[in-house]
Structure formats: structure tokens, C-alpha cells
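Asks: One structure, as C-alpha cells, below. Some questions next.
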Amino acid sequence: MFLIVKSAFLTAFFAAIVTGRIHKLPLTGDERHYVDLTTFGFFQGGVLDVHMVNFMLPSGPVSGEYGFTLDRTANDAINPYLEAHTDMCFLNESDNSIVSPQHPAIVFLKMDFISSRLNITCKGEVSALHLYQNRTVIPIDRIKRQSQYLFINRRRRAVVESEKNQKNYVTQCSNAVLPITKETRNGFDYYNTSFAMYVASDKEEGLYNLYFHNCPGKGNGPSINVMLEIYESNDGNFLSAGEMPLPALYSMMSIIFFLSAGFWTFILKTSRHPVYRIHIIMCILVYLKALSLAFHGINYHFIQTRGEHVTTWAILYYITHLLKGAVLFVTIVLVGTGWNFIKHILADRDKKLFMIVIPLQVVANVAEIIIAESEEGAAEHNTWRDLFIFVDLLCCGAILFPVVWSIRHLQDASSTDGKAAINLRKLKLFRHFYIMVVCYIYFTRIIVSVLKILVPFQYSWIDEMFREMATFVFFVMTGYKFRPAAANPYFTPNHIDDIEPQVLSDIGVLEGVSRVSNREKKRDDLQPLMQETNYNSD
């Protein structure tokens, strides 16, 4: 538990310094040929503002080529051309083979260091281009600003001035340019430029991907050293088009999980049947899930309105998210091994499985948070993403082993211990639980990823809704299958009538079960958790 809390605080501290949808990405000593800077869904009225600050190159002629590309897509599919041509200079492509139905429009912004300008060209379906030098010169009457902006009059005066200076506004891609400034210090040239895009009509709506390209000349060329500042907004809303419903979704699901946790608490307190420790752990898990969703929704609300986190809510979300993830896998493993009593009766290999799964799950949750909160263009972003996928799949595979072990030993015991009917009922229950776990993993990992690629950009929130609903259904079914009930085979003890005690199995659900001479005698570890008599805490 100390490891989980410590990891939560460390992750929360580093992730909370990221400024949401107002990005500042430093590239220092970066040698990648292209950098995936950001992906953002824009509706009509959306604004993308990019500032390149202190792009450092050695003084003298520049042999390489550098610039940006901005492509519009219909969904979150990977750009196949970039993935297949990572070693080629994308800025020099002159044909239309790079345009596809999934990527119908691409804007090239290529740096011309001799003329100190940013040359702009387009390919594909670009009917009109609304590019400006920065977002402060975008005409206010072209954007449906919220009426509560107090500086609207000042901005309108700026609009009048900007419309007189048409060089800050690009309407056509042919021969379009924006200025680049240069400053020389200590033997290095520092270049600065900026551009802003305004989505003026519904035809320009889409999921936009911004890349920075490094095409060195002869040899490897100098590494990249630059600060990139990126501002993304949908008419005052700092969430991407597909993320806008997420604050409401997380809040709604939080309420549902809180109500479910309260109902489960009521069942445990009023149950006439034995209540075991595993039931309490299930209850804690549902409360942690509800708290995690509540803090997640609040966190997204502040990103939506301010473009950045509020550190307190971010830290609370990260802590509850890490705890929830660890307790979820612990609960699945405990149920799968058949652990449901007061005393510790886990087999050695079950305990070893815990020693592996819990640290791996902590690593997976830390990686997931870093992926969500780090800049998309950071060099370590893809490394953490690959690590998360690998560790998460490893954990998902590991939690299936105890269920399989329990099923196998119940099959063996059903023909040897004289209580075949009870063991067959347990066997059927564990087979159902195995199917539930497999379906939960399949839906929350694979199906959700497929949906994210297939659905249109404005409906990308559906994958999160699907994930949360699948989790809720899994929780409800698990609670129903393993609820306190007299007829529940999971909590039905086996009483054997042999004279001498004899251990039947030391693995899974049968560990600790022995043959006794007294038919009425019950094992101490089968006493219910809520029963005050005969209960001694270890």
C-alpha cells in the first residue's frame, strides 16, 4: 500500500505541472525526423495557435529543411504515410499520393531561412485556408466569442487594425507566406515564427494533426533545440471536439457507482447470510471507482474552462486512480483463487502471483497517467505508451491464471472428495467468472481501441462511455455472482466425514479444507466477517 501511495504522489506531482490544452513543449537535443506535436478535434470557431520560440541552429547557411505539416482527418486513425516513410523528408513530397480518404487535406508550412519567411502550400481538399500570424489578429466578427469576455471591445479595435494589414491573413495556399524573425547570439542563429488557424465553416471541421519535421542535409545535421507553444480552443472550450462530453459522462458514471456502492453497503449490513472479507474489499473497490470518476470529471471541467489543471483535483484523481487499479486486480485475483475467509489460506503460488501483479499494475497505472498528461510530442511519450500496453496486457493475462487453477482443481476434487454436487456447482460458477473476466478485458482493451479508430472525431467520447459501462456491468455481475447468500456455492463449505484430518488441496478454493470426524464441527476460517462471536482478528 505504501508503494501505491508513494507512486501516486510522485506521478501526481510531475503530471500536475502539465498545462492541459495550452502546451509548452521543449525539444532539446531531439534527432527525430518528425515529431507528433498534437492531435485536436476542431468545430466551427476553433482556433489553433502555434509559436516557435528560439529555434537554434549554428550560424551560417542552413543545409537541412525544417517545417510543419497540418493534416485533417475524419477519425483518430494513424497516418499510414508517415508510419511507412519515417526516414524520408515529408516536406519534399510533391505528389498527391500522401492524400487519402482518411487524410483528405494537408497543409505544408516550410521554413525559408534565406528569405526569412514561412512558405505555405496545400494538398487535397482545402477549399479555403484561414491562417493568421497569431490568434490576436483573427477578426472577432469571424469568431462567435462568448459575450462574457470583458475585453471584447479592445479585441474589436484590434480587428480593425488587423483587417488593414492583410499580410497577416492567408486565404489561398499558392504563394502564401508568413514572416520569420532571426537573432544571432554566441555563434548561433535563433529563429522565431508563429501561425494561427481558424476553422471558419463546418466544412473545415475535423481532427487536426500537427507535426514538426526535421530533414537534415548531408550527414545527420544538428539536433533540434526549440520551444513550441501551442494553444487549442473550440470557441472558448479547451477540450477537443470528441472530449467535450467527458466531464458530464464522468460525473454521471460517478453518481451511478456511488449509488451502487451504497446499495452494496446496504446489502452487506442487512444480510442474514454470512458476510466475508472479500465482500468488504468489493465495496471499497466500488467507492474508489466512484471517487476516481468524480475527481476525473472535476479535473476535465477545469481543463475545459481554463485550459489547465487545478493541482489539488489532479492529485486527488491520480491517487484514487492508482488505488482503484491496484484494488481491482487484487479483487479479481482473490476471487479467482477462492479466497473469501478471515484467515490467510492462499497457496504459495497465489502469493507469488500477488507479488508480481500488484507492482506491475502500479507501473501500468503510472504509465497511463504519464501518457495522458505528458506532451504528445515528448520523446518519452511513445516509450511510456508501449510500456503501458505491454504491462497492462501482462497483468490481464496473469489474473486469469488463478481462475484456471481453481477450475482445474475443482474438476479433480469433484471426483475424489465425495461432494461432487457442491464442487460441480462451484466449478460452474468459476467458469462463468472466467468468461466474465475475459469479456471485461476484451471489451475494455480491444473493442475500445477499435472504436476510437472507427468512430468520427466528434464521437470519440463513445469509447470512454463504452469502457465505463463495461466496467459497471462487470462489477454488477461479479457482485451478483458472489453476493452473500445461503445458496451461493462459492461460500459453501465442504464437510467430510473421515476420522483423521487430511488436507485435500493446498491450492485455490480447496486450500485449508480437511477431513474431520465431527460432522457438526466448522472451520474457524469459515466464520462470517460480520458475525461478532467467534471472530478473532489475526
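What follows is calculated from the coordinates using simple rules that are stated; it is not laboratory data. Please read these numbers as outputs of a predicted model, since none were measured by experiment. Reconstructed Cβ throughout: ideal geometry from the backbone, glycine too, with neighbour counts over all protein chains shown.
Asks: Can you tell me the length gained on complete extension of the stretch Tyr434 to Ile255, counting 0.36 nm per residue apart and subtracting the Cα distance?
Replies: 61.6 nm
Asks: Something else about it: Residue by residue through the range 45-55, which ³J(HN,Hα) values in whole Hz follow from phi under the Karplus form 6.51 cos²θ - 1.76 cosθ + 1.60 (θ = phi - 60°), with glycine and proline marked x?
Replies: So the Karplus estimates, Gly and Pro as x, are x, x, 10, 10, 10, 10, 10, 9, 10, 6, 6 Hz.
Asks: If you don't mind, another one. So between Asp189 and Lys481, what do we pick up on full extension, going 0.36 nm a residue minus the alpha carbon distance?
Replies: Length gained, Asp189 through Lys481: 98.3 nm.
Asks: Note down the nm distance, to one decimal, between modelled labels 7 Å out along Cα→Cβ at Asp348 and at Asn382.
Replies: The answer from the label model is 4.5 nm.
Asks: Turning to a different aspect of this structure: Could you run the Karplus curve 6.51 cos²θ - 1.76 cosθ + 1.60 with θ = phi - 60° over the range 321-326 and give me ³J(HN,Hα) per residue in whole Hz, x for Gly and Pro?
Replies: The phi angles translate into 5, 5, 5, 4, x, 5 Hz.
Asks: According to the square roots a ≥ b ≥ c of the eigenvalues of the Cα gyration tensor, what is the shape class of the range 202-307, taking rounded for a/c under 1.5, prolate for a/b larger than b/c otherwise, and oblate for the remainder?
Replies: Since a/c reaches 1.5 and a/b is larger than b/c, the shape of the range 202-307 is classed as prolate.
Asks: Summing Lys, Arg as +1 and Asp, Glu as -1, what charge do residues with Cβ under 11 Å from the Cβ of Trp384 carry, Trp384 excluded?
Replies: Combined, the nearby Lys, Arg, Asp and Glu give -3.
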